[in-house]
1. How large is the accessible surface per residue of the stretch 139-278, computed with a 1.4 Å probe and reported in Å² as a whole number?
2. Would you mind counting up the charge near Pro100? Only other residues with Cβ under 14 Å from its Cβ, with Lys and Arg at +1 and Asp and Glu at -1.
3. Accessible surface of Met91 in the full protein assembly, 1.4 angstrom probe, to the nearest 10 Å²?
4. Taking the chain as the reference, fit the longest principal axis to its C-alpha atoms, fit the long axis of helix 21-36 to the helix C-alpha atoms, and give the angle between the two in degrees, 0 to 90, nearest 10.
5. Please arrange Met183, Met95 by accessible surface area, largest first, computed with a 1.4 Å probe and ligands excluded.
6. Say each of Asp304 and Phe97 gets a label point 7 Å from the Cα, pointing the same way as Cα to Cβ; how far apart are those two points in nm?
7. Using a 10 Å cut-off on Cβ atoms, rank the peptides 308-318, 31-41 from the highest mean neighbour count down.
8. So for the chain, if I pair up every lysine 8 or more residues apart or on another chain, how many of those pairs have alpha-carbons under 23 Å apart?
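The values are calculated or read from the model by the stated rules, or taken from the named source; none is laboratory data. Just so you know, these numbers come straight off a predicted model, no measurement behind them. So basically every Cβ, Gly included, is an ideal-geometry build from the backbone, and we count neighbours across all protein chains shown. Each accessible area value is taken on the protein alone, full model and side chains, heavy atoms only, with ligands, DNA and RNA left out. Shrake-Rupley method; radii C 1.70, N 1.55, O 1.52, S 1.80 Å.
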Amino acid sequence: MRFAILVKASDSTEAGDMPGEETLNEVVEYHEELEKAGALYDATGLRPTREGWRIRYSADTRTVVNGPFLEAKDQIAGFTIIQVDSREEAMGWAMRFPWPTIDRDVGGEIEVRQLFELGDFVQGPALARFRRLGPIERIAADVEHARPDLTSATAPNGTATILFTDIEGSTQLTERLGDREWMSLLREHNEIVRAQASMHSGFEVKSQGDGFMLAFSSASDAVRCAMGIQRSLAERDPRAEELRVRVGLHTGEPVREADDFYGKAVILAARIAAEARGSEILVSSLVRDLVESSGEFSFGDPTDAVLKGLSGMHRVSAVRWRT
């Protein structure tokens with residue numbers, strides 16, 4: 001089950017005051033503990049309400065109301081979403097949440113709310129469409145907005161190879177296994193992905209839910225990482241619950257053409273991953289061209305795919321990873 005820890009705003013956050021190093025360190029340490037425990041789902045802060053707006057609905061009309069909004073204590077300054085086994089565990093994490101105001105002499109407040117899960121809703125065609133909006137799409141959208149610095153994952157020629165992963169049928173797995181078993185399975189998956197990324201010099205750009213975005217300065221290292229993930233999953237205890245992960249890779253130029261990279265290259269890598277089936281690695285034609293001449297990798301016949309939201313046909317190839 002997931003819970004949102006909502007940090008209530010204060011006069012300080014509404015004024016746009018930013019936390020100092022000591023406060024940030026406390027917040028980061030808390031979230032590192034959440035990550036280590038496999039309980040961190042997402043977290044971020046919100047800018048002051050003066051930079052936001054509301055849309056009011058009345059009599060078939062929509063009216064824009066610009067911020068700031070009155071009563072700072074009634075607004076939200078940020079949130080952390082945790083995924084835990086029980087309400088009691090969520091309470092434990094909430095009680096350890098860092099002091100929610102910049103000045104510890106000033107009181108503050110957090111609010112905890114449980115999130116709805118897809119299984120709580122009427123199961124029909126509309127929800128089936130919503131299920132297809134997986135973590136790959138959310139990660140790609142977040143990264144396009146944030147545009148993180150990928151200098152450490154950039155090759156001398158200015159390129160970076162992007163790798164996306166996600167677990168096929170994760171929603172159905174969650175509903176069938178229950179929260180406790182699913183969280184254990186997810187922790188095992190995350191450990192495998194991170195171990196392989198570290199082994200092959202990958203940079204973790206973002207993870208969310210059961211999806212990852214990794215960046216590599218070497219296309220070959222990226223393909224090796226993808227193969228390592230699939231082989232590690234295949235070598236798990238055969239009595240354990242099967243994990244089928246789909247992987248997609250593409251190479252772009254983040255330094256020279258940042259707008260083009262975040263607008264197209266990242267999206268292309270994400271859509272290639274979404275096109276893959278469980279336990280499959282799909283790469284763009286560019287990735288294949290970059291690594292095939294080494295003779296280290298083997299590929300299936302290239303196919304042309306229509307990728308959601310992208311015009312034209314895109315040639316992709318499956319990596320033969322099974323030994």
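1. Result: 43 Å² per residue.
2. Numbers: positive: Lys8, Lys73, Arg96, Arg104; negative: Asp11, Glu14, Asp17, Glu26, Asp103, Asp105, Glu109, Glu111.
Net charge around Pro100: -4.
3. So the heavy atoms of Met91 present about 110 Å² to solvent.
4. 50 degrees
5. Values: Met183 5, Met95 150 Å².
My answer, sorted largest first, is Met95, Met183.
6. Here the modelled spin labels are 5.3 nm apart.
7. Highest mean packing first, the order is 31-41, 308-318.
8. Lysine pair count for the chain: 5.
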